[in-house]
1. Sort out which residues of region 208-262 are of a type in the set (Asp, Glu) and either away from ligand 2 (no atom under 11 Å from the Cβ) or in contact with a strand residue (DSSP E or B) (Cβ under 6 Å, 6 or more places away or on another chain) (or both), and write them in order of number.
2. I'm told SER77 meets every condition in (1) within 16 Å of ligand 2 (Cβ to nearest atom); (2) in contact (Cβ under 8 Å) with a residue 40 or more places away in the chain except one. Can you identify the failing condition by its number?
3. Look through region 191-234, keep the residues that are in contact with a Lys or Arg (Cβ under 9 Å, 6 or more places away or on another chain) and polar (S, T, N, Q), and return whichever of them is nearest to MET34 (Cα to Cα).
4. Part of a strand (DSSP E or B), surrounded by 15 or more Cβ atoms within 10 Å (Cβ to Cβ) and hydrophobic (A, V, I, L, M, F, W, C) - does that describe any residue in region 497-506?
5. Do we find that VAL194 is within 16 Å of ligand 1 (Cβ to nearest atom), outside any helix (DSSP H, G or I), touching a helix residue (DSSP H, G or I) at 6+ places or on another chain (Cβ under 9 Å) and in the same structural domain as VAL281 (by the TED database) in this structure?
6. For a quick check of your reading of the model, give me the residue pairs whose first member lies in region 204-220 and is touching a residue at least 12 places away in the same chain (Cβ under 8 Å), whose second is charged (D, E, K, R) and within 10 Å of ligand 2 (Cβ to nearest atom), with beta-carbon atoms closer than 7 Å and at least 6 apart or on different chains.
7. Every residue in region 133-147 that is within 11 Å of ligand 1 (Cβ to nearest atom) and closer than 14 Å to MET216 by Cβ, please.
Amino acid sequence: MIANPAQKYRRFEPIQLPDRQWPNQVIEKPPIWMSTDLRDGNQALIDPMSVETKMRYFKALVEMGFKEIEVGFPSASETDFNLVRRLIEENVIPDDVTIEVLTQARQDLIERTVESLKGARRAILHMYNPIAPAFRKIVYNTDKAGVKEIAEQGTRWVKALTEQHPETEWVYQYSPEVFSSTEVEFAKEVCDAVSAIWQPTPQRKMIFNLPATVEMSTPNTYADQIEWMHRNLNNRDSIILSVHPHNDRGTAVAAAELAVMAGADRVEGCLFGNGERTGNVDLVTLALNLYSQGINPGLDFSQIDQIRQLAEECTQLPVHPRHPYAGELVFTAFSGSHQDAIKKGFSKQDPEGLWEVPYLPIDPADLNRSYDAVVRVNSQSGKGGVSFLLQQRAGFELPRRLQIEFSKTVQKVSDASGKEVNSADIFSLFDQEYLQVNSPYQFHSSKISGEEHAVEAHINSIFEGQQISLSGQGNGPIDAAAKALAQHTGQTITVVDYHEHGLGAGSDVAAVCYVEIKIGESQPIFGVGQDENITTAAIKALINGVNRLILQAA
Ligand SMILES: CC(=O)SCCNC(=O)CCNC(=O)[C@H](O)C(C)(C)COP(=O)(O)OP(=O)(O)OC[C@H]1O[C@@H](n2cnc3c(N)ncnc32)[C@H](O)[C@@H]1OP(=O)(O)O
Ligand SMILES: CC(C)C(=O)C(=O)O
């Protein structure tokens with residue numbers, strides 16, 4: 001039986017912030033990024049990463065440009081402790097990168113955490129404790145004063161223990177866990193109490209990280225909560241305001257973006273949204289959303305396929321084919337009108353101008369993705385997609401009416417099979433239908449003589465197994481060749497349309513001609529010819545067109 005949601009679930013109460021400012025803000029620069037792939041991402045894996053895997057992932061994150069990387073929970077596992085030691089002892093951390101580690105507000109755990117960081121040049125020590133109503137009641141059986149005291153006591157321990165190691169530049173980060181469901185006034189009270197102990201200054205800031213540990217509300221409500229904290233926290237100029245959105249409602253990216261508009265300086269998340277349950281906010285999407293707005297995100301995802309492969313190997317979790325920017329299918333159009341617009345967009349795109357290809361929010365080449373997969377053809381596709389693939393694969397630039405004619409052939413095949421038709425199949429269909437039509441006339445050779453407006457065409461061909469020679473006169477080579485063929489067929493041949501272009505490059509260049517013809521009162525049809533010599537290509541096109549008409553009439 002379906003439960004009555006009104007009786008089962010409590011509606012989230014938004015906070016009152018009628019003079020909210022964030023809706024008018026525009027993001028002009030990237031936030032400070034913090035990758036928690038190796039901590040929040042790792043703690044959510046079926047099989048957590050080994051030290052070796054974490055080392056590989058860490059180096060890749062550094063290459064992507066992350067300057068803050070949470071590498072684990074060293075008081076919780078030997079793997080994480082050993083990783084931190086290796087990073088420090090093997091001098092793997094670049095000077096401009098700071099590692100971060102997480103701990104609960106428990107003395108023994110903080111001691112072990114500080115021990116793991118011995119010798120680090122700079123480190124972010126990140127302490128959390130839950131302060132939300134449900135946790136106070138259900139998990140800790142305490143009140144507001146109880147959880148506030150845990151935060152204060154934990155901070156005192158962190159302060160005392162880190163002061164014993166002045167060789168390290170310590171940055172303190174505090175997270176009031178499940179901030180998203182905590183009364184904002186109480187979250188401020190706890191944070192203010194923590195900063196009163198730590199005593200940050202504008203020169204030595206501390207980080208308050210306000211997690212949507214569980215995403216509880218629409219992103220605008222989270223933005224209100226962040227703006228409220230941004231406006232009300234004590235010593236704001238000594239605080240880096242950080243957000244850590246999870247994706248339980250599927251809106252973590254929006255929540256993070258609105259939170260930055262609301263005053264957040266920093267965003268914590270994971271590549272491709274890995275992390276507890278539905279994951280942390282996806283940093284790839286966030287960064288590339290900025291990129292597509294013309295803002296350099298300060299993270300380099302130009303090798304997106306390699307990065308996706310790394311994440312999949314290390315997490316053992318697949319990235320969805322429709323994942324923004326990175327999924328296998330996200331730059332692929334199957335449907336006809338999309339393909340048509342993309343094809344037109346590519347042909348009109350100014351290489352030096354602003355990106356304007358319809359349906360492609362960014363240039364796939366910026367992520368080192370090829371254009372090959374941009375268009376794929378199935379029964380939902382139209383002429384634009386078919387001709388785009390033929391052009392990409394073999395260089396043929398079909399005139400518009402031939403695009404319409406040929407796409408019907410492809411459509412029949414894809415409808416019959418119910419499957420995708422790839423570019424090799426399309427080329428093979430085109431070849432059979434237009435270039436290999438050697439019957440009843442099989443072209444052998446041709447010669448053109450005479451002058452402009454008085455041209456003679458001589459065509460040697462095989463017709464029904466017999467060698468024949470045809471001659472005709474006209475006001476140009478094609479007209480003369482059409483007259484020669486017309487004499488033999490006994491019907492007028494009218495050339496309705498003609499196009500030509502070069503194919504290939506250098507010494508391999510060939511000419512392709514497209515002629516649209518009618519025999520007598522027939523419907524027009526195309527013939528295509530290809531040859532090193534442009535006139536010969538045109539005569540071949542004419543013969544191929546005549547053959548197709550005769551075959552169709554038979
Ligand atoms: C939202 C987040 O992602 S937070 C990060 C979560 N990540 C992890 O938990 C991964 C690593 N954690 C671990 O390996 C273990 O939890 C450890 C090693 C840290 C601690 O293990 P244990 O000592 O067995 O404790 P356990 O995990 O059951 O934690 C519950 C205890 O810690 C207390 N506790 C939980 N969180 C905190 C905190 N942040 N600060 C202080 N105490 C805390 C609870 O009150 C409870 O105490 P009780 O035993 O007196 O009831
Ligand atoms: C430790 C905190 C920041 C956390 O992971 C969360 O609340 O989701």
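1. Keep residues of region 208-262 that are of a type in the set (Asp, Glu), which gives 215, 224, 227, 237, 248, 257.
Once the filter is applied, which keeps residues that are of a type in the set (Asp, Glu) and either away from ligand 2 (no atom under 11 Å from the Cβ) or in contact with a strand residue (DSSP E or B) (Cβ under 6 Å, 6 or more places away or on another chain) (or both), region 208-262 yields GLU215, ASP224, GLU227, ASP237, GLU257.
2. Single failed check for SER77: (2).
3. Selected residue: ASN209.
4. yes
5. no
6. ASN209/GLU268; PRO211/GLU177; THR213/GLU177
7. Scanning region 133-147 gives a single hit, PHE135.
Conditions (1) assigned to a helix (DSSP H, G or I); (2) modelled with pLDDT under 95, marked per residue:
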| position | (1), (2) |
| --- | --- |
| ALA373 | no, yes |
| SER381 | no, yes |
| PHE396 | no, no |
| SER414 | yes, yes |
| ASP431 | yes, no |
| TYR434 | yes, no |
| VAL455 | no, yes |
| ILE459 | no, no |
| ALA482 | yes, no |
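The values are calculated or read from the model by the stated rules, or taken from the named source; none is laboratory data. Since the structure is predicted, the reported quantities are computational estimates derived from the model, not experimental observations. Counting neighbours? That spans all protein chains shown, and the Cβs are built from the backbone with ideal geometry, glycine included.
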